1. Among SER15, CYS98, PRO168, flag the residue with its Cα farthest along the positive direction of the charge dipole of segment 3-184, charges on Cβ as +1 for Lys/Arg and -1 for Asp/Glu.
2. Which value, in nm² and rounded to one decimal, describes the direction-averaged projected area of the C-alpha convex hull of segment 70-138?
3. Cross-link candidates for LYS152: which lysines have Cα within less than 28 Å, leaving aside residues fewer than 8 places away along the same chain?
4. Rank by packing, highest mean first: peptides 88-99, 134-145, 8-19, 162-173, with packing defined as the count of other Cβ atoms within 10 Å averaged across residues.
5. Ratio of alpha-carbon Rg to the 2.2 N^0.38 Å globular estimate for segment 1-78, to two decimals, please.
6. Between ALA84 and LEU105, 0.36 nm times their residue separation minus their Cα-Cα distance comes to what?
7. Just subtract the alpha-carbon distance of LEU176 and THR164 from 0.36 nm times their residue separation and send over the number in nm, one decimal.
8. Label point 7 Å out from LYS3 along Cα-to-Cβ: which residues of segment 19-38 have amide N under 20 Å?
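What follows is calculated from the coordinates using simple rules that are stated; it is not laboratory data. Quick caveat: nothing in here was measured; it's all calculated off a predicted structure. Neighbour counts are summed over all protein chains in view; Cβ atoms, including those assigned to glycine, are modelled from backbone coordinates with ideal geometry.
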Amino acid sequence: MDKLETLALLQQHRSEFEEECLFLAQTIAVVERNDHFWQRSTLEGHLTGSAWILSADGNSVLLLHHAKLDRWLQPGGHADEADASLAETARREAMEECGIEGLTLISPAIFDLDVHEIPARGNEPSHLHYDLRFLFVAPEDAKIERNLLETKAIAWVHIEELCTETTPQSLRRMALKTREFERDSERF
């Protein structure tokens, strides 16, 4: 994964959310400090890629109940050596976790950015994920197949349900951005 391309992608990202602006500064610093910023072996934390997947009609988003973390999240995870970018990581992870093919990447730009702690498991200490999220749209005939090892459940959730104050901040932020995107976009 190219460090200069990743830094350029991060430096182009803008947000109206104060928390996300702090995450952006933290993520840029991690990439600047580490040549292996995307590898699991970077124990201070590493970049990951997630897919925020809209239904073909733009009304819902695909979420999975993560088996290890025991919470509802968008598909995503660690980069592999073969991934050319974190957007490709996000696409691959969506396929592995949800079986969904034919995703359309709306833009190569970062849609959202989050930093969150991953608890210690086995020999792996707790660490941070600097998660770059990319916006995808599923085909109308999208077929979902749950990865039984990684997910407890998969569901299409209406965007408006995620815009409430009771929704975890990370998901709520992406839902609010999606609502704005739909208002500004000719696609939906």
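1. Positive-most Cα among the choices belongs to PRO168.
2. Numbers: hull surface 21.7 nm².
Computing the convex hull of the Cα atoms and averaging its projections yields 5.4 nm².
3. Straight-distance partners of LYS152: LYS68, LYS143, LYS177.
4. Working: 88-99: 22.0, 134-145: 17.1, 8-19: 13.3, 162-173: 15.2.
Ranked from most to least packed, the peptides come out as 88-99, 134-145, 162-173, 8-19.
5. Values: Rg = 14.6 Å, N = 78, 2.2 N^0.38 = 11.5 Å.
Against the compact-globule rule of thumb, the ratio is 1.27.
6. Details: separation 21, 0.36 × 21 = 7.56 nm, distance 1.46 nm.
Taking ALA84 through LEU105 to full extension adds about 6.1 nm, to one decimal.
7. Working: separation 12, 0.36 × 12 = 4.32 nm, distance 0.94 nm.
The span from LEU176 to THR164 would gain 3.4 nm if fully extended.
8. 24-38
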